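Let me begin by presenting the structure, written as structure tokens, before commenting on it.
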């Protein structure tokens, strides 16, 4: 049974969280709408389009900064109960700081699960719609690439030709078991090029021993054929780097598709690990905020607490950035770059949590 003080603390914390979420969402909305207007400035579109695009993308941006939203929310939460002298009242009834923090931590962890299962899936679906709509206004709409259970598929339009490319596998900067069907702009068949291996390091692909079908005649060349495209290995990799537009089920499906293609599943694994770590990450941020608020003067203003929260958020961001740099240079495993900062923050927090009831 939830006691009165627990209901009051949970209500105050949720209210603080909603206020901070609203503030950050508004800031994201203002910043992003100018970016969308700038992106569409040369298009003949109604003002509704950039507003709609902004709304579709804002939840995804908000999800990325949720750990820092939780930190600042708890700073605000403690400011509220300290201003009303509620903390001393709770102490008089035997409710310790540790009990208060334990309750808020449990609520935060449960909210973290909600944000992953519900909020993330919603934001990723909206982000997918956002990217799909925005692609219609992109200068790159003449080509696209997707990965399915049948391998990699690329549509590429260049030099008055439309090329439909299918590859069974990707390995390093090579496509394997490739077929390139070439059409004119009216989709009249021109030729079919097949090869067991193609070097795609640059935009000018090197096709080894191509088998060419043209005018119902098949010719086999022992020489290398240079085939110009809009794609190279780096560009293909970048096309599949925005995993925030895939919900949890799509991520798992793409992971299986990547495996069948021979494409590295490491980016998806890292992305999933980050998602799975969020409930714990939120809880750690809440603990850090509590430690800060119980160790600073109660006379400090809410503006000071907000600035303190922003400073700590920036500091933690650079800790994460440092771990990412180490993983990119292959000095630590990728998974360590995800969980390493959190383990470090847990160790730092644990030392101070022991003395929390003395405050």
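The values are calculated or read from the model by the stated rules, or taken from the named source; none is laboratory data. All values derive from a computational prediction rather than experimental measurement. Please note: Cβ atoms are built from the backbone with ideal geometry, for glycine as well, and neighbour counts cover all protein chains shown.
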**Request:** For segment 72-79, state whether one or more residues are closer than 25 Å to residue 124 by Cβ and assigned by TED's automatic domain parsing to the domain that holds residue 285.
**Result:** yes
Within segment 197-251, residues out of contact with any strand residue (DSSP E or B) (no Cβ under 8 Å at 6 or more places or on another chain) and assigned to a strand (DSSP E or B) come out as 217
If we take segment 36-122, then helices (runs of 4 or more DSSP H) inside it with 1 or more residues that are more than 29 Å from the chain's Cα centre (by Cα) are 66-83, 86-92, 97-114
* Kindly check whether there is at least one residue in segment 278-289 that is in the same structural domain as residue 23 (by TED's automatic domain parsing), surrounded by fewer than 16 Cβ atoms within 10 Å (Cβ to Cβ) and either at pLDDT 70 or above or part of a loop (DSSP other than H, G, I, E, B) (or both). => no
With criteria (1) assigned by TED's automatic domain parsing to the domain that holds residue 57; (2) at positive phi, residue 273 comes up short on (2)
Within segment 146-196, restricting to residues that are in contact with a helix residue (DSSP H, G or I) (Cβ under 7 Å, 6 or more places away or on another chain) and outside any strand (DSSP E or B), the one that is surrounded by the fewest Cβ atoms within 10 Å (Cβ to Cβ) is 149
| message | Looking at segment 56-64, can you tell me whether even one residue there is loosely packed, with under 15 Cβ neighbours inside 10 Å and either free of Cβ contacts under 8 Å to residues at least 40 places away in the same chain or over 18 Å from residue 15 (Cβ atoms) (or both)? | response | yes
